[in-house]
Amino acid sequence: MHQIAVLPGDGIGPEITREAVKVLKAAGEKHQLGLVFSHHLVGGALLDAQGVALSDELIENCRRNDAVLFGAVGGPKWDHLDMQNRADHALIRLRKELSVYANLRQFRLYAALEDASAVKTDLIAGGVDFIILRELSSGAYYGQPKFREDTPRGRRAVDTIEYFDFQVERLARYGFELARQRRGKLTSMSKWNALESSRLWRDVVEEVAREYPDVDTRHEIVDAGAMNLIRRPTEYDVIVMPNMFGDILGDEAAVLAGSIGMVPSAEISLDSTSLYEPIHGSANDIEGKNVANPLAMILSAALLLRYSLNCPAGADDIDRAVGKVIEGGYRTADIWKPADQQRVSTTEMGDLVVEMLSE
Ligand code: IPM
Ligand code: MG
């Protein structure tokens with residue numbers, strides 16, 4: 001038996017999560033995984049119900065489960081709240097509470113989606129298939145001091161970018177292991193020409209690289225890297241980078257996958273429960289319209305089977321089913337072009353993936 005905590009959250013979170021659970025149930029039955037789901041409020045939904053975006057009880061619940069399926073949090077309704085109480089801060093805190101350290105973001109462009117990408121076809125022909133491994137336990141999100149104050153010179157705000165060598169080392173090691181199983185290339189992106197923390201980052205990646213002579217290791221300064229990612233996307237395999245750069249470049253890279261609605265992620269815990277969530281947010285503007293693309297969430301469920309439930313066959317099944325649906329010409333609004341493609345809703349997309357699973 002495997003227990004999965006489902007945290008749909010806000011905006012389109014509940015709609016896409018529903019589809020992912022549907023797909024997981026079907027895959028679970030096929031592979032006899034005995035999946036048991038429990039649903040919990042988080043973020044704005046929990047703020048409205050209990051006045052907090054994340055509760056100790058919810059954290060405990062997540063810890064007790066084998067994996068957490070996370071939708072999205074936040075929305076304009078809770079934007080006025082200060083940092084600690086914001087709906088999306090629940091996610092930042094939950095990552096910390098679950099000792100999450102590596103965010104594996106999978107960028108893959110299905111051949112049939114080439115025309116959906118905002119990037120010129122000649123740049124992406126040849127296939128986009130890389131992973132951004134974003135550091136998730138430290139960096140600008142968590143470094144102390146972090147505060148706002150009034151001073152005689154005006155209001156002042158401070159965030160701190162902090163890295164310990166062991167935080168970089170464990171992420172780099174994970175990246176090298178991944179690269180070994182893939183095409184044997186690792187690119188480290190940081191800002192070592194301006195930031196001390198990035199200098200340490202580069203040094204540590206270089207040290208770990210010595211243990212992986214079979215992996216082709218490169219270092220790029222992140223601003224140039226951001227450009228090269230669009231100019232030469234097919235050259236990347238595994239890219240490791242600090243927390244904030246990974247957040248930014250993740251959304252940038254999503255255009256290479258056709259839509260941010262296509263990019264799943266795993267947030268791997270050191271010693272507790274891992275989280276699985278799409279890299280996009282709550283998209284409150286399309287909430288409740290049944291038009292959101294559930295595939296990033298569904299593909300995140302595949303990662304859950306792969307990394308938390310040790311069921312690679314189930315993960316492959318879901319990946320294959322999604323591929324078939326895309327090849328079949330079915331598109332949600334974000335990837336739809338009025339050619340010969342069929343536009344489908346969130347629920348129809350989920351149903352199609354379930355249907356293909358049993359084929
Ligand atoms: C992400 C999101 C979060 C982040 C927000 C919601 C705090 O943008 O997962 O990429 O910045 O990490
Ligand atoms: Mg983000």
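Scanning the range 226-249 for residues that are surrounded by 17 or more Cβ atoms within 10 Å (Cβ to Cβ) and of a type in the set (D, E, K, R) yields ASP237, ASP247. Looking across the range 261-282 at every residue that is within 12 Å of ligand 2 (Cβ to nearest atom) and of a type in the set (Gly, Ala, Ser), the one that is nearest to GLN167 (Cα to Cα) is identified as SER265. Selection of first residues in the range 83-100 that are under 15 Å from ARG134 (Cβ atoms) and within 16 Å of ligand 2 (Cβ to nearest atom) and of second residues that are in a helix (DSSP H, G or I) and not β-branched (Val, Ile, Thr), restricted to Cβ pairs under 9 Å at least 6 apart or on distinct chains, gives the following pairs, ordered by first then second residue: ILE92/TYR141; ARG95/TYR141; VAL100/LEU94.
Quick check: is even one residue across the range 147-158 touching a residue at least 12 places away in the same chain (Cβ under 8 Å) and either among the charged types (D, E, K, R) or assigned to a loop (DSSP other than H, G, I, E, B) (or both)? Can you show your working first?
Let us first name the residues in the range 147-158 that are touching a residue at least 12 places away in the same chain (Cβ under 8 Å), namely 158.
Okay, now just the ones that are also either among the charged types (D, E, K, R) or assigned to a loop (DSSP other than H, G, I, E, B) (or both), so none.
No, the range 147-158 has no match at all.
Applying the set (1) assigned to a strand (DSSP E or B); (2) within 22 Å of ALA140 (Cβ to Cβ) to THR217 leaves exactly one unmet item: (2).
In the range 1-26, the residues that are touching a residue at least 60 places away in the same chain (Cβ under 8 Å) reach residues that are buried (at least 22 other Cβ atoms within 10 Å of the Cβ) and of a type in the set (Phe, Trp, Tyr) with C-beta atoms within less than 7 angstrom, at least six apart or across chains, in these pairs: LEU7/PHE70; GLY9/PHE70. Checking ALA339, ALA292, ALA321 one by one, the residue that is more than 16 Å from ligand 2 (Cβ to nearest atom), crowded, with 21+ Cβ neighbours inside 10 Å and assigned to a loop (DSSP other than H, G, I, E, B) is ALA292 and no other.
Close Cβ contacts (under 7 Å, 6 or more residues apart or on different chains) running from residues in the range 52-78 that are closer than 12 Å to LEU94 by Cβ and in contact (Cβ under 8 Å) with a residue 60 or more places away in the chain to residues that are of a type in the set (S, T, N, Q) and surrounded by 21 or more Cβ atoms within 10 Å (Cβ to Cβ) comprise CYS62/THR273; ARG63/THR273; VAL68/THR273; VAL73/SER282. Quick check: is even one residue across the range 211-232 in contact (Cβ under 8 Å) with a residue 24 or more places away in the chain, in contact with a strand residue (DSSP E or B) (Cβ under 9 Å, 6 or more places away or on another chain) and within 14 Å of ligand 2 (Cβ to nearest atom)? The answer is no; no qualifying residue exists. For the condition touching a Phe, Trp or Tyr at 6+ places or on another chain (Cβ under 8 Å), within 15 Å of ligand 2 (Cβ to nearest atom), of a type outside the set (Asp, Glu) and in a helix (DSSP H, G or I), ALA301 does not qualify. In this structure, ARG148 does satisfy being under 26 Å from HIS89 (Cα atoms) and surrounded by fewer than 19 Cβ atoms within 10 Å (Cβ to Cβ). For PHE107, the criteria (1) in contact with a strand residue (DSSP E or B) (Cβ under 6 Å, 6 or more places away or on another chain); (2) at pLDDT below 95; (3) not hydroxyl-bearing (Ser, Thr, Tyr) hold in every case but one, which is (2).
When the residues of the range 131-190 are filtered to those that are under 24 Å from ALA224 (Cα atoms) and either at pLDDT below 95 or of a type in the set (Val, Ile, Thr) (or both), the one that is farthest from the chain's Cα centre (by Cα) is THR160. Tallying residues that are acidic (Asp, Glu) and not in a helix (DSSP H, G or I) within the range 160-184 yields 1. I'm checking my understanding of the structure. Among residues of the range 124-143 that are on the phi > 0 side of the Ramachandran plot and surrounded by fewer than 24 Cβ atoms within 10 Å (Cβ to Cβ), which one is farthest from ligand 2 (Cβ to nearest atom)? So the residue we want is GLY126. For the range 18-36, a residue qualifies if it is in contact with a helix residue (DSSP H, G or I) (Cβ under 6 Å, 6 or more places away or on another chain) and either in a helix (DSSP H, G or I) or more than 16 Å from ASP316 (Cα to Cα) (or both), and the qualifying residues are GLU19, ALA20, LYS22, VAL23, LEU24, ALA26, ALA27, LEU35. Counting only residues that are within 24 Å of the chain's Cα centre (by Cα) and among the acidic types (Asp, Glu), which one in the range 115-130 is farthest from ARG170 (Cα to Cα)? Result: ASP115. All of ARG320, ARG331, ARG306 fail the test of being over 20 Å from the mean Cα position of the chain (by Cα) and modelled with pLDDT of 95 or more, apart from ARG331.
The values are calculated or read from the model by the stated rules, or taken from the named source; none is laboratory data. Since the structure is predicted, the reported quantities are computational estimates derived from the model, not experimental observations. Counting neighbours? That spans all protein chains shown, and the Cβs are built from the backbone with ideal geometry, glycine included.
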